[in-house]
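Student: What follows is a structure written as structure tokens; I'll ask about it next.
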Amino acid sequence: MKDRLQRVLLQDRMAGKCNMLPMLKSDLEGLLADYFDLDKESLRLEVSADEDGSYRIVMRARAVRMYR
Amino acid sequence: MGRRILITSGKGGVGKTTACALLGLQLAALGKRVVLVDADITLNNLDMLLGLEAAAVYDLYDVAEGNCRLRQALVRYPYIETLSLLPSVHPLGEVDKRAFGEIMLTLAETNDFVLIDCPAGVDGGFVRAAGGAREALVVTTPSPTALRDADKVLGLLEGYRMEQVGVVVNRVRGDLVLSGEMLSVGDVARLLHARIAGCLPEDDCALAFSPKSSADTELAVAVRYLCRYVLGASKTVYDATRRFRGLAGGLRRLVRRM
Ligand SMILES: Nc1ncnc2c1ncn2[C@@H]1O[C@H](COP(=O)(O)OP(=O)(O)O)[C@@H](O)[C@H]1O
Ligand SMILES: [Mg+2]
């Protein structure tokens, strides 16, 4: 029950913040693009809630090369 | 200047009005000057709860419209000198936020506490009531739907830069918490990322409070804890599971099951 409720609350919160996930994703994309030649399609972002109420934010991305 | 505290919830029927009245009564019993403001026109209003519905001549709307002076609209609680009520009989739809805020400020000049009983929902009525307060207590039950609504309200309150926001978990059944059928106060704190100001147990006589009886019901004890929290005297929240622990507690649990 707790886990489910936590997921629901997380969804509510992200939906409430004007679609936070896409916005955060595009912010991160912009940031990474300063350092990497990013494969934009590869960017994955996941936010989940842990048992203690904290958040786990996992981002995965692939870059073709790094800027020097 | 007195403290202006919004009692809100998002979801209706979770015990805002009850919590508002109980807290107000307790603070007033300690000699604090308290005014309860009814910003919610539904059944089970504050005036009914306190048995003052017949005493209301003017209301908040009349004050805002200039039909009467603020003093004329205030209803004194006959049993505790320091407690009064600003009732609402008319819908407040027309009362604007600024006028409401000014009335709350005026009340805070002559009272130690202005407790605002907020309407359910997060629309205009909420915005008006929240604008008049500097602190908030979010009342919820441990049920998932109530918690979802409480979470939304907590999010909205972030935009108001309140000085303090606390959650009051109402209708807690210690026996069900122990058996894992109900979320605990700690669970609620973690889920909502919020400070818990109080825990009020389920009590079949929640409304049967009589101002003169100092009956030590479980609820009365819990309200005293809440009151101490609000006064900043203690951070301890009432533990509704305690009386269901140990041997005697086990028996109580059995009885509640039957
Ligand atoms: N701790 C409690 N134990 C049992 N019943 C309660 C408790 N708190 C509130 N209630 C009941 O729940 C109902 C809704 O309470 P109310 O205070 O009117 O909620 P709200 O103001 O949030 O709509 C009322 O019938 C009230 O008696
Ligand atoms: Mg109410």
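Throughout, read-outs are computed from the coordinates displayed, never taken from laboratory work. Predicted, not measured: the structure shown is a model, and the values here were computed from it. We place every Cβ from the backbone using ideal geometry, glycine too, and count neighbours over all the protein chains shown.
Student: I'd like to check something: does segment A:30-48 contain any residue that is aliphatic (A, V, I, L, M) and under 30 Å from B:Glu181 (Cα atoms)? Give the derivation first.
Tutor: Residues of segment A:30-48 aliphatic (A, V, I, L, M): A:31-33, A:38, A:43, A:45, A:47.
Applying the additional criterion that residues be under 30 Å from B:Glu181 (Cα atoms) yields A:47.
Yes.
Student: Give the residue, chosen from A:Gly53, A:Gly16, that is in contact with a His (Cβ under 6 Å, 6 or more places away or on another chain) and either touching a residue at least 60 places away in the same chain (Cβ under 8 Å) or within 14 Å of chain B (Cβ to nearest Cβ) (or both). Working first, answer last.
Tutor: Details: A:Gly16 fails: in contact with a His (Cβ under 6 Å, 6 or more places away or on another chain).
Exactly one residue qualifies, and that residue is A:Gly53.
Student: Can you pull out the residues in segment B:135-186 that are among the small types (Gly, Ala, Ser) and either closer than 16 Å to B:Ala197 by Cα or not in a helix (DSSP H, G or I) (or both)?
Tutor: Filtering segment B:135-186 for residues among the small types (Gly, Ala, Ser) gives B:136, B:143, B:146, B:150, B:155, B:159, B:166, B:174, B:179-180, B:184, B:186.
B:Ala136, B:Ser143, B:Ala150, B:Gly159, B:Gly166, B:Ser179, B:Gly180, B:Ser184, B:Gly186, listed by residue number.
Student: Restricting segment B:25-78 to residues that are within 18 Å of the chain's Cα centre (by Cα) and among the basic types (Lys, Arg), which is surrounded by the most Cβ atoms within 10 Å (Cβ to Cβ)? Even if it seems obvious, please write down each step before you answer.
Tutor: Narrowing segment B:25-78 to residues within 18 Å of the chain's Cα centre (by Cα): B:25-30, B:32-52, B:77.
This time we only want the ones that are among the basic types (Lys, Arg), so: B:32-33.
Working: B:Lys32: 19, B:Arg33: 17.
Top of the filtered list is B:Lys32.
Student: Here's something else I'd like to know. Go through B:Phe113, B:Phe126 for me and flag whichever is aromatic (Phe, Trp, Tyr), buried (at least 19 other Cβ atoms within 10 Å of the Cβ) and within 16 Å of ligand 1 (Cβ to nearest atom). Break it down into steps so the answer makes sense when it comes.
Tutor: Numbers: B:Phe113 fails: within 16 Å of ligand 1 (Cβ to nearest atom).
After ruling out the rest, the residue left standing is B:Phe126.
Student: Quick test for you: out of B:Arg224, B:Arg228, B:Arg253, pick the one residue that is assigned to a helix (DSSP H, G or I), basic (Lys, Arg) and within 18 Å of B:Ser184 (Cβ to Cβ). Working first, answer last.
Tutor: Numbers: B:Arg224 fails: within 18 Å of B:Ser184 (Cβ to Cβ); B:Arg228 fails: within 18 Å of B:Ser184 (Cβ to Cβ).
On inspection, the qualifying residue turns out to be B:Arg253.
Student: Related question: Tally the residues that are within 13 Å of ligand 1 (Cβ to nearest atom), in a loop (DSSP other than H, G, I, E, B) and touching a residue at least 24 places away in the same chain (Cβ under 8 Å), restricting the search to segment B:1-46.
Tutor: 13
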